[in-house]
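Peer 1: This is the structure, below, for whatever I ask next.
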Amino acid sequence: QVQLVESGGGLVQAGASLTLSCAASGRTFSRYAMGWFRQAPGKERDFVAAISWSGSGTIYATSVKGRFTISRDNAKNTVYLQMNSLKPEDTAVYYCAAALIYPELVPRNYRDWGQGTQVTVSS
């Protein structure tokens, strides 16, 4: 099991950038594939991006491809989500999660979750 804590959310204007971080506890971080998901009010939790154990593999939702970049630093037990050209429709609570399988797009197959960080994009 790994404990996850997200940070970096906030209120920004459309077109701005934000970088989310997810810090993981434990010495087994590099054994997990990591994912970012988001959930807007009244909507389901949606896949955003995932990264493989080593970081060599990444996959993105169509809605964010070309604007968001997922990366990880296993020495720092941290995964990042760089978000550029933000749009109002990106507004949501963003969660990071850990999985034993890559690629994995289904939330129920992620075993550990952070508490989430709010991202609000104004128009």
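The values are calculated or read from the model by the stated rules, or taken from the named source; none is laboratory data. Keep in mind that what you see is a predicted model, and the values were worked out from it rather than measured. Backbone-built Cβ (ideal geometry, glycine too); neighbour counts: all protein chains shown. Just so you know, the surface numbers come from the protein's heavy atoms only, side chains and all, with ligands and any DNA or RNA stripped out. Shrake-Rupley method; radii C 1.70, N 1.55, O 1.52, S 1.80 Å.
Peer 1: Report, by residue number, each residue of the range 83-102 that is surrounded by 15 or more Cβ atoms within 10 Å (Cβ to Cβ), within 14 Å of Leu18 (Cα to Cα) and not β-branched (Val, Ile, Thr).
Peer 2: We begin by selecting, within the range 83-102, every residue surrounded by 15 or more Cβ atoms within 10 Å (Cβ to Cβ); these are 83, 86, 90-99, 102.
Restricting the remaining residues to those that are within 14 Å of Leu18 (Cα to Cα) gives 83, 86, 90-94.
Listed by number, the residues that qualify are Met83, Leu86, Asp90, Ala92, Tyr94.
Peer 1: Answer with yes or no whether Gly57 is loosely packed, with under 13 Cβ neighbours inside 10 Å, among the small types (Gly, Ala, Ser) and modelled with pLDDT of 95 or more.
Peer 2: Numbers: loosely packed, with under 13 Cβ neighbours inside 10 Å: yes; among the small types (Gly, Ala, Ser): yes; modelled with pLDDT of 95 or more: yes.
Against the criterion (loosely packed, with under 13 Cβ neighbours inside 10 Å, among the small types (Gly, Ala, Ser) and modelled with pLDDT of 95 or more), Gly57 qualifies.
Peer 1: Counting only residues that are small (Gly, Ala, Ser), at positive phi and touching a strand residue (DSSP E or B) at 6+ places or on another chain (Cβ under 6 Å), how many does the range 54-88 have?
Peer 2: Residues meeting the conditions: 1.
Peer 1: From Val48, Val64, which residue is in contact with a Lys or Arg (Cβ under 6 Å, 6 or more places away or on another chain), touching a residue at least 12 places away in the same chain (Cβ under 8 Å) and surrounded by 17 or more Cβ atoms within 10 Å (Cβ to Cβ)? Walk me through how you get there before you give the answer.
Peer 2: Working: Val64 fails: in contact with a Lys or Arg (Cβ under 6 Å, 6 or more places away or on another chain).
Of the residues listed, the single one that is in contact with a Lys or Arg (Cβ under 6 Å, 6 or more places away or on another chain), touching a residue at least 12 places away in the same chain (Cβ under 8 Å) and surrounded by 17 or more Cβ atoms within 10 Å (Cβ to Cβ) is Val48.
Peer 1: Which residue is nearest to Val48 (Cα to Cα), if the candidates are limited to the range 1-19 and must be touching a Leu at 6+ places or on another chain (Cβ under 9 Å) and open to solvent by 50 Å² or more (accessible area, probe 1.4 Å)? Show your work before the answer.
Peer 2: In the first step, residues of the range 1-19 are kept if they are touching a Leu at 6+ places or on another chain (Cβ under 9 Å); the result is 6-10, 12-19.
Pick out the ones that are also open to solvent by 50 Å² or more (accessible area, probe 1.4 Å) and you get 7, 13-15, 17, 19.
Working: Ser7: 16, Gln13: 20, Ala14: 18, Gly15: 18, Ser17: 16, Thr19: 14 Å.
Ranking the candidates gives Thr19 first.
Peer 1: In the range 67-96, what residues are in contact (Cβ under 8 Å) with a residue 60 or more places away in the chain and touching a helix residue (DSSP H, G or I) at 6+ places or on another chain (Cβ under 8 Å)?
Peer 2: Met83
Peer 1: Let me ask another. Can you tell me how many residues in the range 20-37 are open to solvent by 30 Å² or more (accessible area, probe 1.4 Å) and out of contact with any strand residue (DSSP E or B) (no Cβ under 6 Å at 6 or more places or on another chain)?
Peer 2: Adding up the residues that qualify gives 6.
Peer 1: Another question, then. Within the range 1-17, which residues are closer than 17 Å to Arg38 by Cα and over 12 Å from the mean Cα position of the chain (by Cα)?
Peer 2: In the first step, residues of the range 1-17 are kept if they are closer than 17 Å to Arg38 by Cα; the result is 4-12, 17.
Residues satisfying the conditions are Gly10, Leu11, Val12, Ser17.
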